[in-house]
Amino acid sequence: MPRFFVPPSALVGDLVTLEGEQAAHAKALRLAPGEEVTLCDGAGTDYRCTVSSLQSGQLTLAVQQSMPSCTEPTLRVSLYLGFPKADKLEHVIQKATELGAFEIVAFPCARSVSRPDGKSLAKKLERWQKIAASAAEQSGRGRIPQVLALDSFDQAVCRAAQADWSALFYENERQCSLRRAWEGRAIRSAAIFTGPEGGLTEDEVAQARAAGMAVCTLGPRILRCETAPLCALSALMYAADELA
């Protein structure tokens with residue numbers, strides 16, 4: 001069933017009108033009066049609708065029923081990663097959204113090569129948020145993860161450590177696995193933390209440990225910076241029974 005995200009303010013009354021890109025998308029899908037469509041307010045509520053009319057540049061839907069989204073994980077996982085080069089972050093945002101991440105947070109590290117300035121970062125954030133929205137729509141999410149960029153490693157550590165459980169994944173860790181650190185915890189929020197292409201420094205790892213974060217391994221192989229966060233997210237979702 002086609003799915004569109006709309007702001008809560010648009011979901012007032014029994015009729016909802018979509019315009020612009022969404023109407024163009026509906027036209028491409030060849031929707032016809034009477035067909036069913038799902039609207040989502042981006043905050044976890046779905047609305048079952050039927051197409052009332054489709055005119056040039058405008059789609060009108062009749063709201064039939066509202067219900068909580070059944071696709072959102074109970075565990076809210078925030079994904080923190082050091083700024084990678086090129087378009088690697090776009091790939092992570094798309095796939096992390098599909099896997100159920102609550103939010104994606106990027107930040108500079110000591111070994112980060114990519115360090116977007118204020119002007120370029122604003123444009124990048126707009127694009128990244130659109131990628132998250134598109135992935136959420138495609139994968140049937142009940143909300144769109146927010147994409148954030150922090151100014152420093154310190155800010156990222158302090159923010160991540162506020163989750164009920166948080167873990168940094170480090171290629172030089174040999175003892176503590178995610179399974180061991182997780183230990184079947186029943187919590188509401190988690191943060192997973194990975195570095196850029198050059199990895200994290202020992203001082204950065206020590207800072208995260210001092211803030212109360214677990215330091216874990218993802219196994220004996222060295223993973224690329226765009227692979228590690230998705231591997232950690234998938235493993236955590238499985239451990240928390242969110243992929244069942």
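The values are calculated or read from the model by the stated rules, or taken from the named source; none is laboratory data. Please read all numbers here as calculations on a predicted model, not as lab measurements. All Cβ positions, even for glycine, are placed from backbone atoms using ideal geometry, and neighbour counts span all protein chains on display. Heads up: the accessible areas ignore ligands, DNA and RNA and are worked out on the full protein's heavy atoms, side chains in. Shrake-Rupley method; radii C 1.70, N 1.55, O 1.52, S 1.80 Å.
Details
- Out of 209, 221, 179, sole residue that is in contact (Cβ under 8 Å) with a residue 60 or more places away in the chain, farther than 17 Å from residue 92 by Cα, outside any strand (DSSP E or B) and open to solvent by 50 Å² or more (accessible area, probe 1.4 Å): 179
- Neighbours by Cβ (under 8 Å, 6+ apart or cross-chain): first from the range 28-44, farther than 14 Å from residue 61 by Cβ; second of a type in the set (Phe, Trp, Tyr): 42/5
- Looking across the range 189-206, the residues that are outside any loop (DSSP other than H, G, I, E, B) and either of a type outside the set (S, T, N, Q) or more than 17 Å from residue 80 (Cβ to Cβ) (or both) come down to 190, 191, 192, 193, 202, 203, 204, 205, 206.
- Within the range 71-93, the only residue that satisfies the criterion of being at pLDDT below 95, among the β-branched types (Val, Ile, Thr) and open to solvent by less than 70 Å² (accessible area, probe 1.4 Å) is 71.
- Restricting the range 25-70 to residues that are more than 21 Å from residue 140 (Cβ to Cβ) and at pLDDT below 85 leaves a set whose member that is surrounded by the fewest Cβ atoms within 10 Å (Cβ to Cβ) is 56.
- Taking the conditions (1) open to solvent by 20 Å² or more (accessible area, probe 1.4 Å); (2) on the phi > 0 side of the Ramachandran plot in turn, residue 171 satisfies each one other than (2).
- Selection from the range 106-121 of residues that are open to solvent by 40 Å² or more (accessible area, probe 1.4 Å) and touching a residue at least 60 places away in the same chain (Cβ under 8 Å): 110, 111, 113
- Of the residues examined, residue 186 is one that is in a loop (DSSP other than H, G, I, E, B) and open to solvent by 70 Å² or more (accessible area, probe 1.4 Å).
- A residue that is open to solvent by 30 Å² or more (accessible area, probe 1.4 Å) and either of a type in the set (A, V, I, L, M, F, W, C) or touching a Gly at 6+ places or on another chain (Cβ under 6 Å) (or both) cannot be found anywhere in the range 189-205.
- Residue 1 touching an Asp or Glu at 6+ places or on another chain (Cβ under 8 Å) and open to solvent by 80 Å² or more (accessible area, probe 1.4 Å): yes
- Matching entry among 53, 66, 9 (being under 23 Å from residue 145 (Cβ atoms) and assigned to a strand (DSSP E or B)): 66
- Residue satisfying condition, being within 27 Å of the chain's Cα centre (by Cα), over 25 Å from residue 100 (Cα atoms) and outside any strand (DSSP E or B), within set 23, 32: 23
- Criterion applied to 96, 122 was being in a helix (DSSP H, G or I) and modelled with pLDDT of 95 or more, and the one residue passing it is 96.
- Pairs are defined by a Cβ separation below 8 Å, a sequence spacing of at least 6 or placement on different chains, a first member in the range 145-160 that is under 14 Å from residue 109 (Cα atoms), and a second member that is β-branched (Val, Ile, Thr) and open to solvent by less than 80 Å² (accessible area, probe 1.4 Å); the pairs so defined are 149/105; 150/105; 156/105.
- Residues in the range 126-160 that are over 21 Å from residue 4 (Cα atoms) and surrounded by fewer than 17 Cβ atoms within 10 Å (Cβ to Cβ): 151, 152, 154, 155, 158.
- Qualifying residue in the range 192-213 (condition: within 18 Å of the chain's Cα centre (by Cα) and of a type in the set (A, V, I, L, M)): yes
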